[in-house]
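Below is one structure, written out as structure tokens, with a few remarks after it.
The values are calculated or read from the model by the stated rules, or taken from the named source; none is laboratory data. Keep in mind that this is a model prediction, so the values were computed, not measured. Glycine gets a Cβ as well: all are built from the backbone with ideal geometry, and neighbour counts include every protein chain shown. Each accessible area value is taken on the protein alone, full model and side chains, heavy atoms only, with ligands, DNA and RNA left out. Shrake-Rupley method; radii C 1.70, N 1.55, O 1.52, S 1.80 Å.
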Amino acid sequence: MEHPSSSGGGMRVEDEVEVEFPLSSISDLSLDSASTSGSAPGMARLSRYRGAPRLRFFLNGEDVGGLDVESAQVFQLGPIQSVCIAEQPDKSKQLCQNTAAFKIQFKTEEESRAFHQRFKCWKDEYFGQGGKLIVSSGSTGTSKSKFDEKIEASSAKMYFHYYGQLLHQQNMLQDYVRTGTYYAAVVENRADFSGRVVVDVGAGSGILSLFAAQAGARHVYAIEASEMAEYARKLIAGNPALSDRITVIKGKVEEVELPEKADILISEPMGTLLVNERMLESYVIAGDRFLVPGGKMFPTVGRIHVAPFSDEYLYIEIATKALFWQQHSYYGVDLTPLHGAAFQGYFSQPVVDAFDPRLLVAAPLFHIIDFTKVKEEDLYEIDIPLKFTATVGTKVHGIACWFDVLFDGSTVPRWLTTAPGSPTTHWYQLRCVFAQPFFVMCGQEITGRLHMIAHNAQSYTIYLTLSAKMWGPGAEQGEILQTSSGKFDLKEPYYRISQPQAYQAPEDQQQPLPFQPQDLNVQPQDVEETDLLEPTQNSGIDFS
Ligand SMILES: C[S@@+](CC[C@H](N)C(=O)[O-])C[C@H]1O[C@@H](n2cnc3c(N)ncnc32)[C@H](O)[C@@H]1O
């Protein structure tokens, strides 16, 4: 038997918790006194320590011992009672016993079943049929998960390192349009959460789990792959009115197991242009793995909106950046051989900023992704045919994109929008700018294709083509007059954000939009006050 003392003080730091099961009692049968517990709250924890699996028991948060997983066997004594037996590892022979044993009692039959299932999978994952440890330090299983198969390890490492830091979680929490809309969507749809099992997919700080618990969830499983899981545990424990009903599980949604199915998933998987980060795929996988048939997903549907725009200032700004490479004598060196490549490079960066919707030259169209129906593979390649009618005669510099998502609650359906002209979010909007803009006349048809192909660095390569068709007499022959195209890497955007943009209400605007504001697909409730309430005014969650 491994005792806490045998691993020294560093053990707790390196122990990576996989899953925990609440116990109503624990008895250490190997001690002379036979029992170490009574009715104090206990817990069985499956974790990794230096890549090796561990099973340990806790009473009142204190480590009371563990078992060597390789030799451990678990026998059910009754519906909620089990005994776990293992050989003594060498290092704790000082206890002069050959076997270690704990009698444990679960609170419910469901939790007992879940523990037995998870323990079996856990042993199989690590030791297979042959009984040899088959994982190396830090990895969690024998075969690669769907996530590991398609995502480059270096990209995933940086990604989870980023989300493991509180400052980045704070950035999202302080986007009050985002967090306020999630809060409103949950509390206004209490009926969808009350008494339900909820899974928070990519829980981060645990904020959405806490919202779900506030709305009366029976239990919330908060799955988070980054080190943020530890902070989430802390935040949740610091809100004791809710903490009993939330279990944080550290791991990828593609890999972890849950003791029961969920009635509803909650998640914030949206990246720039909705799909950046490729977390939508994890959200869809979570739906397949954890949701009961017909269960809800919050958000339910996402839409990518696209429209051509005209912005000469932006075009000049980008082209000017490459001028550096036009110098013939930079410390005596001719830089011009690289000017073409630099010019291309700057125009391959999608621009992220908040722009004035009056820059749009046609009413937008949108592409729907229904998270409850889409298959994960459908997101590997997204093809959006484009067709617009110009509402002004001007130069077209590219396309502008934004997204919105719907929380299809049973009581109040609610939209979160990132549209231009709506209160700005941390996603802003995204524009793909052509190196070669083209002219259109008012009424001219613009056609094209927005083709996005996922890559293994958790983002997309965007291929964009726009053509202006012949206009006026002879238009029926559909002749293409001009075409522009570009290739953009969504992973490498140009963040053109200088100052917070003041929201200008439509009535304050001097120039009218070139089309009806409802064409932006902004729902009336999107700009309501409730979206912008700050957590201290509102949610009652203790962040201290
Ligand atoms: C955009 S953040 C949202 C955090 C939190 N839900 C919120 O709304 O503030 C996404 C979180 O999901 C986590 N995540 C992304 N992919 C994941 C995966 N496949 N499995 C588990 N967690 C994941 C990230 O580490 C990150 O903390």
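Here region 177-202 is the region considered, the condition is being part of a helix (DSSP H, G or I) and β-branched (Val, Ile, Thr), and the residue that is nearest to Gly421 (Cα to Cα) is Val177.
So in region 269-284, with the set limited to residues that are within 11 Å of the ligand (Cβ to nearest atom) and on the phi > 0 side of the Ramachandran plot, which one is surrounded by the most Cβ atoms within 10 Å (Cβ to Cβ)? Checked region 269-284; the qualifying residue surrounded by the most Cβ atoms within 10 Å (Cβ to Cβ) is Arg278.
Only a single item in (1) open to solvent by less than 70 Å² (accessible area, probe 1.4 Å); (2) at pLDDT 70 or above is not met by Gln88, and it is number (2).
Please enumerate the residues belonging to region 286-313 that are among the hydrophobic types (A, V, I, L, M, F, W, C) and surrounded by fewer than 20 Cβ atoms within 10 Å (Cβ to Cβ).
Scanning region 286-313 gives Leu291, Val292, Val301.
On the stretch given as region 314-345, residues that are part of a loop (DSSP other than H, G, I, E, B), open to solvent by less than 70 Å² (accessible area, probe 1.4 Å) and among the small types (Gly, Ala, Ser) total 1. Evaluation of Met297 against the conditions (1) under 24 Å from Ser194 (Cα atoms); (2) in contact with a Cys (Cβ under 8 Å, 6 or more places away or on another chain) shows that the sole unmet condition is (2). Using the structure shown, decide if Trp325 is farther than 22 Å from Lys491 by Cα, touching a His at 6+ places or on another chain (Cβ under 7 Å) and at pLDDT 95 or above. In short, yes.
For region 346-357, the set of residues classified as under 12 Å from Ala419 (Cα atoms) and surrounded by 16 or more Cβ atoms within 10 Å (Cβ to Cβ) consists of Asp353, Ala354, Phe355, Pro357, listed by residue number.
Could you say whether any residue in region 183-196 is farther than 23 Å from His426 by Cα, of a type outside the set (S, T, N, Q) and without any contact (Cβ under 8 Å) to a residue 24 or more places away in the chain? Within region 183-196 (the criterion being farther than 23 Å from His426 by Cα, of a type outside the set (S, T, N, Q) and without any contact (Cβ under 8 Å) to a residue 24 or more places away in the chain), the answer is yes, since at least one residue qualifies. Residues that are of a type in the set (S, T, N, Q) and either more than 10 Å from the ligand (Cβ to nearest atom) or open to solvent by 40 Å² or more (accessible area, probe 1.4 Å) (or both) within region 160-178 comprise Gln165, Gln170, Asn171, Gln174, listed in sequence order.
Can you find a residue that is at pLDDT 95 or above, touching a helix residue (DSSP H, G or I) at 6+ places or on another chain (Cβ under 6 Å) and away from the ligand (no atom under 13 Å from the Cβ) anywhere in region 180-191? Yes, there is a match, as at least one residue in region 180-191 is at pLDDT 95 or above, touching a helix residue (DSSP H, G or I) at 6+ places or on another chain (Cβ under 6 Å) and away from the ligand (no atom under 13 Å from the Cβ). Checking each residue in region 425-463 for being within 30 Å of Glu479 (Cα to Cα), open to solvent by less than 10 Å² (accessible area, probe 1.4 Å) and aromatic (Phe, Trp, Tyr) picks out Phe434, Phe438. Considering region 1-32, and only residues there that are surrounded by fewer than 14 Cβ atoms within 10 Å (Cβ to Cβ) and within 27 Å of the chain's Cα centre (by Cα), the residue that is modelled with the highest pLDDT turns out to be Glu14. In summary, Ser35 fulfils each of the numbered conditions (1) surrounded by fewer than 15 Cβ atoms within 10 Å (Cβ to Cβ); (2) among the small types (Gly, Ala, Ser); (3) on the phi < 0 side of the Ramachandran plot; (4) modelled with pLDDT of 70 or more with the single exception of condition (4). Figure legend. Inter-residue proximity from region 341-352: first residues touching a residue at least 12 places away in the same chain (Cβ under 8 Å), second residues of a type in the set (Phe, Trp, Tyr) and surrounded by fewer than 16 Cβ atoms within 10 Å (Cβ to Cβ), beta-carbon distance below 9 Å, spacing 6+ or different chains. Indicated pairs: Ala342/Phe324; Val351/Tyr495; Val352/Tyr495.
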